Ligand SMILES: [Zn+2]
């Protein structure tokens with residue numbers, strides 16, 4: 001690996017960020033479940049994501065998918081949904097009267113804090129293994145590490161292969177590469193290479209104290225951390241998909257895997273047996289996640305499907321949301337008022353922001369290239385990474401109150 005310290009811009013995003021949520025900041029940091037779990041020597045796990053999206057229960061929830069009702073209803077202003085080229089160059093004379101957007105977003109509940117420049121190709125992973133450093137990975141074969149206080153890139157680590165995905169768990173950052181997973185321990189500053197994958201590693205997830213890698217050849221490999229040897233040991237191979245496994249989610253004793261074979265497989269996390277195959281999507285399944293008791297899946301077939309368990313335990317589609325374009329990735333998080341929102345990136349370079357469960361559109365993010373990576377952060381921040389290598393830092397704002 002080689003390290004360099006060039007690149008990065010000098011804008012500050014952490015300090016600028018979200019003054020009203022500063023008091024929560026410490027609480028948010030201690031929120032990170034991983035640091036405690038490390039004491040057990042294992043991976044932590046349990047399958048909950050950092051953003052806790054699947055772990056919070058809404059007591060008032062009932063099945064009202066797609067039915068607007070009672071959630072925040074800020075109607076985005078109607079303008080041409082194209083960013084003004086003159087504004088981008090800093091010289092639009094039309095001001096507020098311009099029919100194009102003078103903003104990279106539509107909707108008042110979030111704002112752009114800064115753009116992090118450095119990656120040369122599509123950003124495929126964004127993660128925050130500690131409160132003060134942001135890690136981004138790209139097909140340009142580099143992981144960049146950004147200081148959250150200064151917004152500067154403090155190092156760029158060359159990994160010698162395209163980065164297909166990146167996650168963190170406890171002190172570990174796991175990076176999906178061609179034919180291996182790289183495990184970096186950010187506390188001991190050591191790294192290991194986990195061999196076994198054949199082809200690109202496109203997806204990674206931790207569940208039931210195991211690390212799972214979704215691979216180009218359609219297999220899913222699992223490793224278990226052995227504290228005695230301080231090594232990750234091969235634990236299982238989950239076979240069945242006939243094409244690349246591009247997304248996975250672990251939760252509630254289940255592993256969900258989405259594939260370029262257009263199917264989702266549901267695996268029991270204890271037995272590692274496939275217990276159901278979901279075949280309703282007609283194109284690549286790009287993203288799966290759990291919210292409340294539901295599974296959400298998004299596909300290049302332009303749909304998000306919401307799955308619920310029948311009394312027999314099988315999953316069935318309970319709601320289908322349709323976009324005009326293929327869907328690249330989903331990310332669930334909570335806004336400044338702790339309402340659940342779904343960020344949905346489509347291959348026309350938009351991110352649609354929906355309230356759940358109504359799917360009422362709350363706003364949009366506009367990008368020059370497709371957004372492949374979205375990650376929730378602490379202190380009301382979230383991050384997007386696009387096909388040009390740009391990483392953007394956003395923060396949630398309190399909804400503007402309408403004057404009476
Ligand atoms: Zn303009």
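Here are the numbers for this structure:
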{"quantity": "Residues being more than 8 Å from the ligand (Cβ to nearest atom) and either within 30 Å of the chain's Cα centre (by Cα) or not in a loop (DSSP other than H, G, I, E, B) (or both) - total across region 90-100", "calculated": "2"}
{"quantity": "Count of region 184-220 residues which are touching a residue at least 60 places away in the same chain (Cβ under 8 Å) and either outside any strand (DSSP E or B) or out of contact with any strand residue (DSSP E or B) (no Cβ under 6 Å at 6 or more places or on another chain) (or both)", "calculated": "2"}
{"quantity": "Test: residue 204 is under 22 Å from residue 160 (Cβ atoms) and surrounded by fewer than 24 Cβ atoms within 10 Å (Cβ to Cβ)", "calculated": "yes"}
{"quantity": "Condition met for residue 59 (in a loop (DSSP other than H, G, I, E, B), exposed (fewer than 13 other Cβ atoms within 10 Å of the Cβ) and either at pLDDT below 90 or more than 16 Å from the ligand (Cβ to nearest atom) (or both))", "calculated": "yes"}
{"quantity": "Tally, over region 101-116, of residues that are assigned to a loop (DSSP other than H, G, I, E, B), within 23 Å of residue 389 (Cβ to Cβ) and more than 16 Å from the ligand (Cβ to nearest atom)", "calculated": "0"}
{"quantity": "Those residues of region 344-359 which are closer than 21 Å to residue 293 by Cβ and touching a residue at least 40 places away in the same chain (Cβ under 8 Å), in sequence order", "calculated": "344, 355, 356, 357, 358, 359"}
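The values are calculated or read from the model by the stated rules, or taken from the named source; none is laboratory data. Keep in mind it's a predicted model, so treat the numbers as computed, not measured. Because the Cβ atoms are built from the backbone with ideal geometry, glycine has one as well, and the counts that use them run over all protein chains shown.
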